[in-house]
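Novice: For reference, the structure I am asking about is given below.
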Amino acid sequence: MQKPSLSSFLSPQSVAVVGVSSKMEKLGSVILQNILDGGYAGNVYGVNPKMADQQLLGVDCYAELQDIPETVDMAIIVVPQRFVEDVISDAVKNKTRSVVIITAGFSEVGNTASEDRVVHLCDSSSIRLLGPNCLGAIFPHIGLNASFADGMPQAGNIAFISQSGAFCTAALDYAAGKSLGFSHFISLGNKADIDELDLLQAFSADDAVAVVALYLESVTDGRRWMDAIRQCKKPVIILEPGSSTAAQMASQSHTGSLAPSSKVLKAAYRTAGAIQVWNMQEMFTVLEFLTMNEKKRMGCNIGIITNAGGVGVLCADLVEDAGLLLPSVSENTKKALSEGLPVTAGLGNPFDIIGDAKADRYAYALEILSQTPEIDQILCILTPQKTTEIESTAKAIVSAHKNSNKSIIAAFIGGDSVLPGRAILQAGGVVCSPFPSVLLRAIGLIENTQKNKSARENNFQKNDAVSEIVAANVSKNRTSVVQSDVYKIAEMIGLPVPKSENHTEYEIALAFWKTIKKPAVLKISSPDALHKTELKGVRLNIETEEQFAAAWEALKLSIKSAQLDTASIQIQEQVSSGIELIIGFKRDPNFGSIMVFGTGGIYSEIWHDTSVSVLPVNDFEVSLSSTKIAQIISGTRGLKGVDMRDFIHILDTLQNTFLTQEGIQAIDLNPVIAHEKGVSIVDIKLILKDS
């Protein structure tokens, strides 16, 4: 059933506070005072049976919501938890359109039954619900502070959503010193009804909103959330801490232990095109960039002007760490700079205008670099020295910022002596900080966000023969597909696997061994033996019949010791040495299907050189590029690399199989050997879903 729109909640024409009191320190009265102080022009009512037919702060009070002579757009509920359900029943009689439940004591303390009853009452009467257990909501453009937060933030174009009320109040205080303006400021609380998905969809269509920023502690429907971010045409900034890895610790395969939820979350946001930040400082610096430089040229190519050569060198490292570039400039640009700078000035990038630089020198360098096509954004660094004109330099930077189409930012490094300069910069709309690292990190977060908001490709084809094999294994209540079937599937879909067979009879196994290339490898094969090394279940370099017999007996003893009643022994051509990789696919309960790629072998969980991608992947090269191992296998230091086109074809084949075979919970390939002749998949596990 489609829920009613949020229009009455986001733009209420009338507001009632349920739980007002003559004691002004009570939350109900605090919220009423906030509403009046904000200058809200709509109708305001108080509700409290003890104050019926009285006035509080000049506002008419009623015993119940149903007594109010109009349908209320928003009722703010601040009563003890035991009375909330009765208030909602009263709201139904008034035909109230939305409620904000400030009251705590619901699902956050295990009282899900009461919360469920409240939600049912609201749903059945088309009432939208914010909370419970929330701070409330603030709408600066209409002067409505429907919360117990102190004061009214500056009006602007940032929609801010937080699951934590305490984070809201801290963010409000922090933003006040940054001159950031908000269109909406909303505390979600328990998200019993209105959640981040509802609000993002509403703000995406709201012309008053330019940027959406969120603090989230959980996401309920990851796939729908990703789609909403992708479809939103505005920047979406997300701070989401506390991702747990506990659920992955019990995973049966390497893939599960290498894909903790924090990595999945990061991959999901990268894929959807959200800007993920890691602390409040990053969030608000990014917000400053996106709002104060909204109409400016942004980009990865940074030009640095500095009066301190050492700091310039340090910033060159910071630029690289942030995934940005320090481009060289043309000889014509260098010539133009030299005409207005000392002969000792550094004309490379960073541009060192020397320690005695005054405001006019900064202004000259800014004028030249503002016209330089190789540079997207300009960072001005100032350190306070005897001749430094701090305030005049700040004014010169503000003037250049206003007259340039490029983003110009500043790092005034120091303490009390540079504070007046920073104040001038901030008042003039220039993003500034005492630390260049903060500014460059923020640019990197913005510029390196993958803008993958196009429709996802879903043109995958199911292989019916593979489906039959998977179904047969599922019907036998197996936890994974038996190895003999795994290699049948590998051959069907064209994976590069060594010649291999599974046997339990020595003579038949020996006969097969004699037909394959040497050396060979013998391995335990059992759905219950996913990690063979720990069972001493692998024997390498089998070249003679005597070695074969010894390996066979040793593996038989391991099988008996581990009580693997259904195990067989796999005889396989041994792959020549190369670089070991791991490739894995698994189902994520929130974000759908994911792929893990990285350094493989028995030390894969120690090196942690892996990338995680949310499927479907349309560009595997981008997905792999964050790993060191991808750089190695593509060719480095004179070593011949593998043909990446063939390798990507393998990944695409595996992705197609995984996305079309719903019975498979995970695919684990470890190791995959990359060598000069190509790629060989040495070990494959197909983990099945629980029946």
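The values are calculated or read from the model by the stated rules, or taken from the named source; none is laboratory data. What you see is a predicted model, and the numbers here were worked out from it, not measured in a lab. Quick reminder, even Gly has a Cβ in these numbers, built from the backbone with ideal geometry, and neighbours come from all protein chains shown. Heads up: the accessible areas ignore ligands, DNA and RNA and are worked out on the full protein's heavy atoms, side chains in. Shrake-Rupley method; radii C 1.70, N 1.55, O 1.52, S 1.80 Å.
Novice: Looking at region 366-418, which of the residues that are among the acidic types (Asp, Glu) and without any contact (Cβ under 8 Å) to a residue 60 or more places away in the chain is least open to solvent (accessible area, probe 1.4 Å)?
Specialist: GLU389
Novice: Considering only region 116-145, how many residues are open to solvent by less than 20 Å² (accessible area, probe 1.4 Å), assigned to a helix (DSSP H, G or I) and not aliphatic (A, V, I, L, M)? Full working, then the answer.
Specialist: In the first step, residues of region 116-145 are kept if they are open to solvent by less than 20 Å² (accessible area, probe 1.4 Å); the result is 118, 122, 127-132, 134-140, 143-145.
Filter again for assigned to a helix (DSSP H, G or I), leaving 118, 122, 140.
Subsequent filtering for residues that are not aliphatic (A, V, I, L, M) retains 122, 140.
Final tally of qualifying residues: 2.
Novice: Scanning region 303-340 for residues that are in a strand (DSSP E or B) and touching a Pro at 6+ places or on another chain (Cβ under 6 Å), which turns out farthest from ASP356 (Cα to Cα)? Write out each step before concluding.
Specialist: From region 303-340, those in a strand (DSSP E or B) are 303-306, 325; that's our starting set.
The next check asks that each one be touching a Pro at 6+ places or on another chain (Cβ under 6 Å); those that pass are 304, 306.
Details: ILE304: 17, THR306: 11 Å.
So, considering only residues that are in a strand (DSSP E or B) and touching a Pro at 6+ places or on another chain (Cβ under 6 Å), the one farthest from ASP356 (Cα to Cα) is ILE304.
Novice: Moving to a separate point now. Restricting attention to region 653-669, does a residue exist that is buried (at least 17 other Cβ atoms within 10 Å of the Cβ), without any contact (Cβ under 8 Å) to a residue 40 or more places away in the chain, in contact with an Asp or Glu (Cβ under 9 Å, 6 or more places away or on another chain) and among the hydrophobic types (A, V, I, L, M, F, W, C)?
Specialist: The answer is no, given that none of the residues of region 653-669 is buried (at least 17 other Cβ atoms within 10 Å of the Cβ), without any contact (Cβ under 8 Å) to a residue 40 or more places away in the chain, in contact with an Asp or Glu (Cβ under 9 Å, 6 or more places away or on another chain) and among the hydrophobic types (A, V, I, L, M, F, W, C).
Novice: Also: Output the residues belonging to region 622-632 that are in a helix (DSSP H, G or I) and at pLDDT 85 or above. Can you show your working first?
Specialist: So the first thing to find is which residues in region 622-632 are in a helix (DSSP H, G or I), and the list is 622-624, 628-632.
Result: LEU624, LYS628, ILE629, ALA630.
Novice: Any residue at all in region 429-444 that is out of contact with any Gly (no Cβ under 7 Å at 6 or more places or on another chain), without any contact (Cβ under 8 Å) to a residue 60 or more places away in the chain and aliphatic (A, V, I, L, M)?
Specialist: Checked against the condition, which is being out of contact with any Gly (no Cβ under 7 Å at 6 or more places or on another chain), without any contact (Cβ under 8 Å) to a residue 60 or more places away in the chain and aliphatic (A, V, I, L, M), region 429-444 yields no hits at all.
Novice: If we scan region 29-41, do we find a residue that is in a strand (DSSP E or B), open to solvent by 70 Å² or more (accessible area, probe 1.4 Å) and not small (Gly, Ala, Ser)?
Specialist: Pass one, region 29-41, residues in a strand (DSSP E or B): none.
No - not one qualifying residue is present in region 29-41.
Novice: Within region 497-609, which strands (runs of 3 or more DSSP E) (wholly inside it) include 2 or more residues that are buried (at least 20 other Cβ atoms within 10 Å of the Cβ) and not charged (D, E, K, R)?
Specialist: Working: elements: 500-503, 520-525, 538-542, 568-573, 579-588, 592-599.
Strands (runs of 3 or more DSSP E) meeting the threshold: 500-503, 520-525, 568-573, 579-588, 592-599.
Novice: Moving to a separate point now. Going by the conditions given, is THR383 of a type outside the set (Asp, Glu) and out of contact with any helix residue (DSSP H, G or I) (no Cβ under 8 Å at 6 or more places or on another chain)?
Specialist: Values: of a type outside the set (Asp, Glu): yes; out of contact with any helix residue (DSSP H, G or I) (no Cβ under 8 Å at 6 or more places or on another chain): no.
The answer is no for THR383.
Novice: Consider region 653-684. How many of its residues are closer than 19 Å to VAL617 by Cβ, of a type in the set (A, V, I, L, M) and not in a strand (DSSP E or B)?
Specialist: Counting residues in region 653-684 that are closer than 19 Å to VAL617 by Cβ, of a type in the set (A, V, I, L, M) and not in a strand (DSSP E or B) gives 2.
Novice: Evaluate the following for LYS191: is it outside any helix (DSSP H, G or I), over 23 Å from LYS3 (Cβ atoms) and touching a residue at least 12 places away in the same chain (Cβ under 8 Å)?
Specialist: Working: outside any helix (DSSP H, G or I): yes; over 23 Å from LYS3 (Cβ atoms): no; touching a residue at least 12 places away in the same chain (Cβ under 8 Å): yes.
For LYS191, the condition - outside any helix (DSSP H, G or I), over 23 Å from LYS3 (Cβ atoms) and touching a residue at least 12 places away in the same chain (Cβ under 8 Å) - is not met.
Novice: What are the residues in region 38-47 that are out of contact with any Phe, Trp or Tyr (no Cβ under 8 Å at 6 or more places or on another chain) and not β-branched (Val, Ile, Thr), if any? Step through it out loud before you land on a result.
Specialist: Taking region 38-47 first, the residues out of contact with any Phe, Trp or Tyr (no Cβ under 8 Å at 6 or more places or on another chain) are 38-44.
Scanning region 38-47 gives GLY38, GLY39, TYR40, ALA41, GLY42, ASN43.
Novice: Scanning for something aliphatic (A, V, I, L, M), surrounded by 19 or more Cβ atoms within 10 Å (Cβ to Cβ) and under 22 Å from the mean Cα position of the chain (by Cα), does region 295-316 turn up at least one residue?
Specialist: No.
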